[in-house]
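A.B. asks: If you scroll down you'll find the structure; I have some questions about it.
The values are calculated or read from the model by the stated rules, or taken from the named source; none is laboratory data. Bear in mind the structure is a predicted one, so any value in this text is a computation, not a measurement. Note: ideal-geometry Cβ built from the backbone for every residue, glycine included; neighbour counts use all protein chains shown. Keep in mind that these areas ignore ligands, DNA and RNA; they rest on the heavy atoms of the full protein, side chains included. Shrake-Rupley method; radii C 1.70, N 1.55, O 1.52, S 1.80 Å.
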Amino acid sequence: GAIVSLGLGIGAATAVFSAVEGLVLNPFPYSGADRIVVLSQAEGAGPSRRAFLTGDQARSLTQAGSLDAVILWDESWMWTKNEGIPEMVYGGRLSRNVFQLLGVPPLVGRTFGDDSRTSTSDLAPVAVLSYRYWQTRYAGAANVIGRTVQVDGQQHTIIGIMPERFRFLNVAFYVPLP
């Protein structure tokens, strides 16, 4: 009786800890989240702001032996046109390695870092939707993969949808950073 009670108690405690750890202690669904560093700039005692890098600076960072990987992103308001309806939407532009580094697979479809091509100049423009945008703009339509969305005047093919918990930058969609 006592061993069974002890076993049930340990099992219950483990289940509760797993839930708390996943939802509270580790709220971000990123692999290696404890090793991710964000660079920003600050002037004196003023607020910090994003660090903007040139292409050469980004290449230098990627060659640093102390870093596993470097990801780049930008977020801004973008004009979109879905099936003829123009709309200003907050979107993210990401370097092609972001999804692989964060280790979060898409809910549906694929991400733009999933392809095996290394040259970015010959890739067609693509977009990955956030779960929230997929639900609000497309009503969770199952046939959204393969449709196009116009982003700042350029047609992008929708290739994936991220899971609900993935809220990197908290934007409507992700497109590759040029």
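A.B. asks: Which residue pairs have Cβ atoms under 9 Å apart, sit 6 or more places apart or on different chains, and have a first residue in the stretch 138-151 that is without any contact (Cβ under 8 Å) to a residue 40 or more places away in the chain and a second that is loosely packed, with under 11 Cβ neighbours inside 10 Å and not in a loop (DSSP other than H, G, I, E, B)?
C.D. replies: Final answer for the pair search is none.
A.B. asks: Cβ-Cβ below 8 Å, separation at least six or inter-chain, first residue in the stretch 60-79 and touching a residue at least 12 places away in the same chain (Cβ under 8 Å) and under 19 Å from F99 (Cα atoms), second assigned to a loop (DSSP other than H, G, I, E, B) and open to solvent by 70 Å² or more (accessible area, probe 1.4 Å): which pairs?
C.D. replies: L72/L53
A.B. asks: Okay, next question. Among the candidates L101, L39, L67, L61, single out the residue that is at pLDDT 75 or above and under 16 Å from L169 (Cβ atoms).
C.D. replies: Working: L39 fails: at pLDDT 75 or above; L67 fails: under 16 Å from L169 (Cβ atoms); L61 fails: under 16 Å from L169 (Cβ atoms).
After ruling out the rest, the residue left standing is L101.
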